[in-house]
Amino acid sequence: MTLPALIFGVLVSTLIGSAFHLWRGGGLGRLILYICLSWLGFWTGHVIGDQIGWTFWSIGPLRLGMACLGSLVSLGFGYWLSLVKVEKT
């Protein structure tokens, strides 16, 4: 992994997390949560795509297609988990 690919991946995953926050809303805590989830899903998707050998939307050494898919799955799952509300008795 080259340094430019790493920086580009961080920028793309941050943009995906920020766009998700813009779409779903929330405060600063939610923004941080969405960006962290996007980073986690992005790099997990990249590693999985690299191990499987799927190369759709590849830019240099970065498996952008699988990385974006991983980011979106991670954001969706994290958003779903964050909807749980605790009832006070």
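The values are calculated or read from the model by the stated rules, or taken from the named source; none is laboratory data. Bear in mind the structure is a predicted one, so any value in this text is a computation, not a measurement. Cβ atoms come from the backbone with ideal geometry, glycine included; neighbour counts cover every protein chain shown. Protein only, heavy atoms only, side chains kept; ligands, DNA and RNA dropped before computing areas. Shrake-Rupley method; radii C 1.70, N 1.55, O 1.52, S 1.80 Å.
Quickly rank 73-83, 39-49 as a protection proxy: mean count of other C-beta atoms within 10 Å, highest first. Display every interim value, and only then the final one.
On the way: 73-83: 14.8, 39-49: 20.3.
Descending packing order for the listed peptides: 39-49, 73-83.
Work out how much length Phe8 to Ser82 would gain on full extension: take 0.36 nm times their residue separation and subtract the Cα-Cα distance, in nm to one decimal.
Here the answer is 23.8 nm.
For the pair Ile52/Ile32, report the inter-label distance in nm, with labels modelled 7 Å from Cα in the Cβ direction.
It works out to 3.3 nm between the two label points.
Work out which trypsin sites (Lys or Arg not before Pro) in the chain are exposed loop sites (DSSP not H, G, I, E or B, at most 14 other Cβ within 10 Å) and give the longest gap free of them. Let's see the in-between values first.
Working: sites that count: Lys85, Lys88.
By the stated rule (loop sites, at most 14 other Cβ atoms within 10 Å), 1-84.
Summing -39500 (n - 2.57) over the DSSP H runs of n ≥ 4 in the chain and dividing by its residue number, what mean residue ellipticity at 222 nm do you reach, to the nearest 500 deg cm²/dmol? Each step should come with its number before you reach the end.
Numbers: 3 runs with 66 residues, N = 89.
That calculation yields -26000 deg cm²/dmol at 222 nm.
Volume per residue, Å³, of the convex hull around the alpha-carbon atoms of the chain? Before the final figure, lay out each step's value.
Details: hull volume 8.7 nm³, N = 89.
About 97 Å³ per residue, rounded to a whole number.
Using the Karplus equation 6.51 cos²θ - 1.76 cosθ + 1.60 (θ = phi - 60°), what ³J(HN,Hα) coupling, rounded to whole Hz, does each residue of the stretch 7-21 give in order, writing x for Gly and Pro?
So the Karplus estimates, Gly and Pro as x, are 5, 4, x, 5, 5, 5, 5, 5, 5, 5, x, 5, 5, 5, 5 Hz.
Counting pairs of alpha carbon atoms under 8 Å apart in space and at least six apart in sequence, what relative contact order in percent does the chain give? Intermediate results must be reported in sequence, preceding the final value.
Working: 103 pairs, mean separation 26.8, N = 89.
Value for the chain: 30 percent.
Percent of accessible area on the stretch 1-83 owned by carbon and sulfur, 1.4 Å probe?
Details: 3880 of 5000 Å².
Carbon-and-sulfur percentage of accessible area, whole number: 77.
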